[in-house]
């Protein structure tokens, strides 16, 4: 046997049911974190659109009624009412983003703890780093 084969055989570690559960939790949380980050990016784009709408609204004539979409319907409001509705929508969106970010941070803490446990047992035999390709 070659030296590398002997080393590979010597490093074999049995995977227990608990280890497999930790690996599964790690995989699910990694997937969830990706989904949350994608959702945050969508919210950022939506927030930018609201900010652009607020900027455009300031350039309009005060006497115009501005259509504002609520659900599937557009309702005309004064510039002041529309501005207030846009500000409320921006605030709600920012709160949603903060909530999503706090969820991401809590999941990252769980992932960090699992990485420590799994790398302690499996060493270089396990790869828990995300591919950036």
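Quick note: the coordinates plus some simple rules give every number you see, no bench work behind them. Being a predicted model, the structure only gives us computed values, none of them experimental. All Cβ positions, even for glycine, are placed from backbone atoms using ideal geometry, and neighbour counts span all protein chains on display.
Observations on the structure shown:
- Treating r as the C-beta distance of residue 17 and residue 127 and R0 as 22 Å, the FRET efficiency rounds to 0.55.
- The chain, helix-only ellipticity at 222 nm - DSSP H runs n ≥ 4, -39,500 (n - 2.57), divided by all residues, nearest 500: -25500 deg cm²/dmol
- Extension gain, residue 109 back to residue 48 (0.36 nm per residue minus Cα-Cα distance, nm): 19.0 nm
- Rounded to the nearest 10 degrees, the angle from helix 17-58 to the longest Cα principal axis of the chain is 20 degrees.
- On Cα atoms only, tilt of 79-122 relative to the major axis of the chain in degrees: 0
- Among 112, 99, 63: highest mean-square fluctuation, GNM of the chain, C-alpha pairs under 10 Å: 63
- Each residue, residue 100 and residue 65, gets one label point 7 Å from its Cα in the Cβ direction; the gap between the two is 3.4 nm.
- Label-zone membership for the stretch 43-65, site residue 83, 7 angstrom Cα→C-beta point, backbone N under 16 Å: 51-65
- Projected area, mean over directions - the stretch 16-124, Cα convex hull, nm²: 9.1
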